Amino acid sequence: MHLHRLFPTRILVVSAALLTGSSFALAEPTSDLAQWRAHRLERLTAADGWLTLIGLHWLHEGNQAVGAAKTNDVVLAKGPAVLGTIAWDKTSGKVSLMLEARVSATVDGQEPKENITFSEDEDKPTLVQVGTLTLQVISRGDRKALRVKDSAAETRAHFAGLEYFTEDRAWKIEATWESFSPPRTLRIQNVVGTVSPEAVPGKAIFEYKGKTYELWPIQETGDDSLFFIFSDQTSGVETYGAGRFLFTDPPKNGKVTLDFNRAISPPCAFTAFATCLLPPPQNRLPIRVTAGEKTPAGATHP
């Protein structure tokens, strides 16, 4: 859930006043929103951001040769012809990498002294760097994959920028928070078909133009913030087809602020190699949310 990224590019802001019919539509974003957008762009375009993701290789049990040569089991889009051998031991759940002797690499910034065992700790995963490439192992359900990023990726070098609806204060909504005690669980599917159970601490109930709607967030262990995955009637038209993400502060005094001006496209909008969660049925809004990010230029999926 960490959406990450710094090279110069522009943020495109497109007027939505005619689309929303709202007298609150602004010609320019307020300074707070402008700063938030600048930080969003910085993280997205950073050397380890989503624009650098160039490969997602699903692993099988046992040994697999890895490298850019077509003869490898795992064929990288870039890098040494033969990088090494990756092994997944299903009994222990561990994935290890034995580098070819002539391959120069660092692991978490240090030169490796032996075979590399990948940690998948979300806060400090094992990162293997080979030139401009960074390799990491991730799990999705009972599957494991090698994720490959390239700080020199074409998608990063030629990124066209972000496009937004004009800021509209009507879409900054104070919703009523209804806690679930105990928290409920939603089984949420991602774009590769894996379904995962996610904790739902409650729901946000809000009104827009006289009608009532609700959104169910998920929440990571140890994180008080709320993560909403939603779609609406702009999805697949002005905005990314698989939905958008919205992060909010935790509820306070029975209220939660839904600022749809900060709705963002998921990583899958920028790379074909991400594994984004899809909106659950509870979060498919039957209205047009004309706020936040529009579909980025060159989106990888509808």
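Do we find that residue 200 is in a strand (DSSP E or B) and not assigned by TED's automatic domain parsing to the domain that holds residue 40 in this structure? No: the conditions fail for residue 200. With respect to the numbered conditions (1) farther than 30 Å from residue 223 by Cα; (2) in contact with a helix residue (DSSP H, G or I) (Cβ under 8 Å, 6 or more places away or on another chain); (3) not charged (D, E, K, R), which one is the sole condition not fulfilled by residue 151? (1) is the only condition that residue 151 fails.
Among the conditions (1) over 24 Å from residue 273 (Cβ atoms); (2) touching a helix residue (DSSP H, G or I) at 6+ places or on another chain (Cβ under 9 Å); (3) buried (at least 19 other Cβ atoms within 10 Å of the Cβ), the only one that residue 226 does not satisfy is (2).
The set of residues in region 257-300 that are of a type in the set (A, V, I, L, M), under 15 Å from residue 215 (Cβ atoms) and part of a loop (DSSP other than H, G, I, E, B) comprises 263, 278, 285, 287, 289, 291. Taken over region 64-83, the criterion of being over 29 Å from the mean Cα position of the chain (by Cα) and either under 22 Å from residue 152 (Cα atoms) or in a strand (DSSP E or B) (or both) is satisfied by 69, 70, 81, 82. Taking residue 137, is it crowded, with 21+ Cβ neighbours inside 10 Å, farther than 25 Å from residue 40 by Cβ and touching a Lys or Arg at 6+ places or on another chain (Cβ under 7 Å)? Answer is yes for this residue.
The values are calculated or read from the model by the stated rules, or taken from the named source; none is laboratory data. This is a predicted model, so every value here is computed, not measured. All Cβ positions, even for glycine, are placed from backbone atoms using ideal geometry, and neighbour counts span all protein chains on display.
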